[in-house]
Structure formats: structure tokens, C-alpha cells
Amino acid sequence: MKKIPFNKPYMRGKEMDYMRQAVELGHISGNGHFTKRCQQAFEQNYGFGKCLLTTSCTDALEMAALLLDIQEGDEVIMPSYTFVSTANAFVLRGATLRFADSQAQHPNICLQSTEALINEKTKALVLVHYAGMACDMDAFVALCQKHKLYLIEDAAQAVDSFYKGKALGSFGELAAFSFHETKNIISGEGGMLLVNDMRFAERAEILWEKGTNRSAFFRGDVDKYGWVDMGSSFLASDILAAFLYAQIEQLEDIQARRKALWQSYAQRLRPLEEQGLLRLPQVPEHSSNNAHMFYMLTSSLQERDALLQHLRSEGIHAVFHYQSLHKSQFYASKHGNRPLPNCDMFSDCLLRLPLFYELQESDIERICQSLEEFYQNKG
Ligand SMILES: *Cc1c(COP(=O)(O)O)cnc(C)c1O
């Protein structure tokens with residue numbers, strides 16, 4: 001029986017060619033030819049301010065925390081239902097995290113739960129567009145303006161996704177994308193910091209280049225370069241940029257393919273939802289769907305484990321997702337007992353089905369048949 005993996009990295013044609021070109025151009029460290037092309041593509045196609053290619057979304061988030069000068073004693077609000085990197089970036093700067101709950105109908109952060117956490121120590125709100133689907137940006141932008149909070153978008157999953165037609169990643173002062181091999185377009189490891197508030201642009205480039213004004217020097221803006229601030233090595237190799245650029249060029253085709261696969265799942269599983277056997281993802285109002293992920297919800301943790309096992313026994317690799325950060329070994333005692341029931345529900349019941357560029361319609365048919373089988377035997 002052919003195994004269906006959860007994810008599979010893929011190439012769209014020019015990746016090897018461009019990586020070779022990068023070597024031949026004689027510059028495969030950071031900020032080379034393909035890095036600039038990747039950054040320009042995002043700046044021009046989506047109207048982001050300044051884009052900086054990083055080694056990961058994790059790095060871009062760490063840069064965001066540095067840029068906002070997050071200090072010990074500052075509070076940062078974020079969903080508990082997220083990846084550890086969202087949280088680590090701010091913990092590394094000494095911030096106190098205040099975890100908000102998810103919405104009842106969607107893993108995205110709940111507005112009321114967020115509002116209740118704001119006080120005079122709150123410095124920033126970090127939004128995560130789960131499954132590439134938009135948070136309610138009108139409401140959160142207004143909330144941040146009212147309370148003078150920085151808005152950061154962890155848009156790791158939200159490349160080429162929109163709220164009321166405006167690109168996700170363009171709302172926050174700062175935002176971050178991921179090109180990890182599990183995302184829509186990939187470079188193995190890779191990410192991008194989006195600087196929309198240009199007050200941060202110059203310093204972002206300095207932090208990126210190990211605390212030096214090397215970028216300004218190579219542009220000819222200053223006549224020598226040196227150590228001017230703190231920083232680290234956040235730049236990605238131009239070999240990775242070359243790989244990524246080949247994918248950026250094929251973005252339309254990649255997205256069309258993913259969306260078609262996503263719709264096949266949704267159509268095929270609708271009858272099971274109508275029978276009340278499982279729940280399908282709901283695309284929030286005003287949000288596009290970039291088909292980053294196809295998830296479904298079971299009615300309990302026990303049912304999800306049994307379903308994962310069943311699929312596994314048929315060679316299908318489905319996976320669960322985040323475990324509530326407010327209950328994690330690292331943060332539970334700092335969080336206290338404040339319950340976040342929606343987050344816990346998604347931790348227990350959410351299951352992600354295989355979705356990648358080379359997945360076949362016949363694979364989806366097999367996966368959906370296997371799901372039907374499970375629910376028939378159960379009922
Ligand atoms: C993938 C992901 C990250 C981390 O991205 P890396 O590029 O692997 O560092 C962070 N946040 C969210 C929400 C993600 O999905």
C-alpha cells in the first residue's frame with residue numbers, strides 16, 4: 001500500500017538552476033542577488049514596506065521583539081493556540097506573556113479574550129492567522145490604536161492571503177512569514193520580516209547584519225561600516241533565496257493547485273459534516289483562504305487519537321497540531337489557572353490531513369474513504 005505522507009517538499013522547476021546561478025554569481029552568503037529579488041517581489045506584489053529575508057520565521061519574530069525594544073516587565077498578548085516560536089521571541093527579551101483564548105468556531109484569537117488582558121503594562125499584541133485565515137483585522141487594528149499597542153502579525157502560514165483584499169502581513173507595524181518546508185512556498189528553512197512602519201526600517205537592517213550598518217555601506221549611503229547596535233546573523237544564504245525565488249515565480253500555479261485540493265477535501269467531507277460526525281474548517285468573514293492547511297475537528301481527544309491510529313494503519317499520515325501553551329511545562333505555572341477552553345478544544349480535537357503540491361486527487365479520495373470507514377464503524 002502506497003503511503004501518503006503528511007507533507008512532502010517539492011520543486012517547481014527552476015530551483016536547481018537558480019541555486020547554480022547563485023554560486024556562479026560568486027555570492028552565496030546573505031543579501032545577495034536572489035535575496036534582493038525575493039524581497040522586491042514581496043514588496044512590489046503585496047505593498048509591504050521593507051522585506052528582509054531571514055533564516056526562519058522564528059528569526060523574523062525575534063527581530064520583531066528586538067525592534068520593539070521589548071523589556072522585562074512588558075506584557076505581550078498572543079493566542080495560546082500557536083507555535084512556540086511566537087512565544088519564545090518575546091520570552092527571550094524578558095516579556096511576560098498573556099495568553100488569550102481562541103474563538104469558539106476558529107483557532108484564531110478571540111477579541112473579547114484579548115481585550116480583557118490589556119492593562120498599562122501591555123506593549124504589544126501578536127496575532128496568528130491560523131491556517132492562513134485572517135483574524136478580524138478591523139477590530140484588532142482599532143483595538144491596538146485605542147490602547148497604543150504595537151501590532152505584530154505572525155503570518156507564518158499566511159503567505160498570499162488577504163483580509164478585505166489587503167494582504168495579511170501588511171497590517172502590523174511588523175510581520176513575519178515562514179518558508180519552512182511545511183508551508184505553501186518553501187526553501188527548507190526560511191522566513192521573512194516585513195517592516196511596514198518605516199521608523200523601524202533602518203534598525204531592522206542593522207539587527208539583520210549583526211549590528212552593523214553594512215547594508216547602508218554597500219548601498220553607498222555611508223563611507224565605512226562598523227558596529228552601531230546590537231544584532232545577530234539573521235540573513236539567509238543566497239542559495240536558499242535562489243530556491244525560494246523559483247517558487248515565488250510559480251506562486252500562482254502553486255496556490256491554484258493547493259486551493260483545488262482543499263476544495264476537494266471540503267466537498268468530499270461535507271456529507272460527514274452534515275451527519276454531525278465531524279466539523280470542517282470555517283473561513284472567517286472577509287478572509288481569503290490560501291489553502292495552507294486542511295484541518296477537521298473530532299468530537300473528543302479519544303476520537304481524534306482513534307482516528308489518527310485508523311488512518312495510520314492505512315498508510316495515511318495525519319497529524320494533530322498545537323498543544324495549549326498556557327498548559328505547557330514551561331509556562332503553566334507562570335500562566336496560572338485562568339481557563340482557555342476554546343484553545344484546549346482545538347488542542348484536543350483538531351486534526352490536519354495531508355496537503356502538499358504533489359498530493360493527487362486519488363490520494364484525497366483514499367483519505368476520505370478511510371475517514372468514512374472510520375465513522376461507519378464507529379456509528
Ligand atoms: C511555521 C510557523 C512558525 C515558525 O516558522 P519557522 O520558519 O519554522 O521558524 C511560527 N509561527 C507559526 C504560526 C507557524 O506556523
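Any idea what % of Cα-Cα pairs in region 121-227 are farther than 22 Å?
Value for region 121-227 (Cα pairs over 22 Å): 42 percent.
Once phi is turned into ³J(HN,Hα) by the Karplus curve 6.51 cos²θ - 1.76 cosθ + 1.60 with θ = phi - 60°, what whole-Hz value does each residue of region 272-277 show in order, with x for glycine and proline?
Those phi angles translate into 5, 5, 5, 7, x, 8 Hz.
With the Cα gyration tensor of region 92-156 in hand, convert its eigenvalues to equivalent ellipsoid semi-axes via √(5λ) and list them largest first in whole Å.
Semi-axes from the Cα gyration tensor: 18, 14, 12 Å.
Whole-Hz ³J(HN,Hα) for each residue in region 118-123, computed from phi via Karplus 6.51 cos²θ - 1.76 cosθ + 1.60 with θ = phi - 60°, x for glycine and proline: what do you get?
Taking θ as phi minus 60°, the curve returns 6, 8, 5, 8, 5, 10 Hz for region 118-123.
Just to be sure I understand the model, the point goes 7 Å from the Cα along the line to the Cβ. What's the resulting MET16 to GLU285 distance in nm?
Here the modelled spin labels are 5.1 nm apart.
Using only the alpha-carbon atoms, how far is helix 361-378 inclined from the longest principal axis of the chain? Give it as 0 to 90 degrees, nearest 10.
Tilt relative to the chain: about 50 degrees.
Got a sec to turn the phi values of region 33-49 into Karplus ³J(HN,Hα) couplings, 6.51 cos²θ - 1.76 cosθ + 1.60 with θ = phi - 60°, whole Hz, x for Gly and Pro?
My calculation for region 33-49 gives 3, 6, 4, 4, 5, 4, 5, 5, 4, 6, 4, 7, 7, 10, x, 6, x Hz in order.
Hey, can you find the accessible area per residue of the chain for me, probe 1.4 Å, expressed in square angstrom?
43
Using r as the Cβ-Cβ distance of GLN263 and ARG312, and R0 as 30 Å, what FRET efficiency do you calculate, to the nearest 0.05?
0.75
Once the Cα atoms of helix 57-67 and of the chain are each reduced to a long axis, what angle between those two axes, in degrees from 0 to 90 to the nearest 10, is obtained?
Roughly 50 degrees between the two axes.
Which of the chymotrypsin sites (Phe, Trp or Tyr not before Pro) across region 266-336 are loop residues per DSSP, with 12 or fewer other Cβ within 10 Å?
PHE330
Note the full-extension length gain between GLN323 and SER299 as 0.36 nm times their separation in residues minus their Cα-Cα distance, in nm to one decimal.
So the chain would gain 7.0 nm between GLN323 and SER299.
Run the reach check for LYS14 against aspartates and glutamates, Cα to Cα strictly under 13 Å, same-chain hits fewer than 8 apart removed. What comes back?
GLU249
Quick one: if the Förster radius is 35 Å, what FRET efficiency do GLU372 and VAL84 give, using the C-beta to C-beta distance and rounding to 0.05?
According to the calculation, E is roughly 0.50.
Hey, any idea what % of the chain's accessible area is carbon plus sulfur with a 1.4 Å probe?
50
Would you list, by chain and number, the lysines whose Cα falls below 16 Å from the Cα of LYS327, excluding same-chain residues fewer than 8 positions away?
Straight-distance partners of LYS327: none at all.
To the nearest 20 debye, what is the magnitude of the charge dipole of region 221-379 about its Cα centre, counting +1 on the Cβ of each Lys and Arg and -1 on the Cβ of each Asp and Glu?
For this selection, approximately 620 debye.
With everything on Cα atoms, drop me the angle between helix 238-249 and the longest principal axis of the chain, reported from 0 to 90° to the nearest 10.
Taking the Cα atoms of the chain, the angle to 238-249 is about 60 degrees.
I want the antiparallel fraction of DSSP beta bridges within the chain, as a percent rounded to 5.
So the antiparallel bridges amount to about 55 percent of the total.
GNM, the chain, Cα, under 10 Å: largest mean-square fluctuation among GLU202, GLU120, GLU15?
Result: GLU120 has the largest fluctuation of those listed.
Give, in nm to one decimal, the length gained when the segment between GLU24 and ASP138 is fully stretched (0.36 nm per residue of separation minus the Cα-Cα distance).
The GLU24-ASP138 span can extend by a further 36.3 nm.
Once you order the gyration tensor axes a ≥ b ≥ c over the Cα atoms, which shape class does region 290-329 get: rounded for a/c under 1.5, otherwise prolate or oblate by comparing a/b with b/c?
Taking the square roots of the gyration eigenvalues as a ≥ b ≥ c, region 290-329 is oblate.
The values are calculated or read from the model by the stated rules, or taken from the named source; none is laboratory data. Since the structure is predicted, the reported quantities are computational estimates derived from the model, not experimental observations. Cβ atoms come from the backbone with ideal geometry, glycine included; neighbour counts cover every protein chain shown. Just the protein is used for accessible areas: all its heavy atoms, side chains included, with ligands, DNA and RNA removed. Shrake-Rupley method; radii C 1.70, N 1.55, O 1.52, S 1.80 Å.
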